[in-house]
Amino acid sequence: MASRILRLNVGFLLREGIGYSREFIFDEPVVQVADDITVQHLRGAVTLTRTPQGLYAQGQLQGTVEHECTRCLTGIDQPVSLRLSELYHFPPETAPADAPTVSDDAHLDLTPVVREDFLLSIPMQSLCRPDCKGLCSQCGKNWNEGPCDCPGAERDPRWSGLLGLLKEEPPPA
Ligand SMILES: [Zn+2]
Ligand SMILES: [Zn+2]
C-alpha cells in the first residue's frame, strides 16, 4: 500500500485566484511510494501555483532508496533526488491525454512522478563496493565476509596458498 503523504489536498488552492501559490514542505523518515519501493528521509519543498489550467507544481525532493547489490544482494542506500516542474490540470477532463491532473475530489498526487523519477535514479547494475566478490553459487555464502568450503568454488586469492598447503597434506593414516 503506497503512503498518502504525497497526496496533497489542494481544494483550498483551487478556490484561489490565478497566481496564488503555496509551498508544501516534506520531511518524512519513511515513505512508501510503491509496493516494492520505500524512500527514506524524504525531504524537500514543492510550490503549487494556481494557473488558468490547474496547478503548476515546482520544487525539489530528495531522499534515499534502498536496493540490492547486483552481486551479493546486500542492501545499498542509493541517494535519489528529483526536480519537479509539472502542470496538473483541473478540472481533470480538460487535460490533454496522459497529462497529470488534479483529481475530481481536489487531490494532487505526487506519488507517480516521485516513484518514476526515483526508480530511474537507481542504476540497473550497482555494486555495494567496486570489488564486491559476490555470493558462492553453491552455498550462498557472501564472499565479502570470507571464503567458504565448497569444492571447486572460486576462492579469494589470499586463501589459495593456504588451501594448496592443506591439499598437499597426506591423508590421515
Ligand atoms: Zn555486493
Ligand atoms: Zn560455498
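Bear in mind these aren't lab numbers, they're just calculated from the coordinates by the rules spelled out. All values reported here derive from a predicted model rather than from experimental measurement. FYI the Cβ positions are ideal-geometry reconstructions off the backbone, even for glycines, and counts take in every protein chain you see.
Where is the GNM fluctuation largest for the chain (alpha-carbon springs, 10 angstrom cutoff): 137, 81, 121? Comparing 137, 81, 121 in the GNM, the peak value goes to 137. The angle between the Cα long axis of helix 157-168 and the longest principal axis of the Cα atoms of the chain comes to about 30 degrees, rounded to the nearest 10. Farthest toward the positive end of the dipole of segment 1-152, out of 90, 18, 106, is the Cα of 18, where the dipole comes from beta carbon charges about the Cα centre.
In segment 7-121 the Cα-Cα distances spread across 10 Å bins starting at 0 as 14, 42, 29, 12, 4, 0 percent of all pairs. If only the Cβ of Lys and Arg carry +1 and only the Cβ of Asp and Glu carry -1, the dipole of segment 1-81 around its Cα centre is close to 400 debye. When each of 76, 122 is scored by the number of other beta-carbon atoms lying within 10 Å, the sequence from fewest to most is 122, 76.
Placing a label point 7 Å from the Cα of residue 41 along the Cα-to-Cβ direction, the residues of segment 71-102 whose backbone N falls under 16 Å of that point are 76-82. Charge dipole (Cα centre; +1 on Lys/Arg Cβ, -1 on Asp/Glu Cβ; no other charges) of the chain amounts to roughly 300 debye. Each label was represented as a point 7 Å from its Cα along the Cα-to-Cβ direction; for residue 129 and residue 9 these points are 4.9 nm apart.
Full extension of the chain between residue 23 and residue 66 gives 12.7 nm of extra length, using 0.36 nm per residue less the Cα-Cα distance.
Each residue of segment 31-44 was assigned a 3J(HN,Hα) from its phi angle through the Karplus curve 6.51 cos²θ - 1.76 cosθ + 1.60 (θ = phi - 60°); the sequence is 10, 8, 9, 7, 4, 10, 10, 10, 9, 9, 6, 6, 8, x Hz, with glycine and proline shown as x.
Going from the fewest other Cβ atoms within 10 Å to the most, the residues 115, 7 appear in the order 7, 115. The distance between label points at residue 137 and residue 120 comes to 3.6 nm (points 7 Å beyond Cα on the Cα→Cβ vector).
Modelled spin labels at residue 93 and residue 149, positioned 7 Å past Cα toward Cβ, are 7.3 nm from each other.
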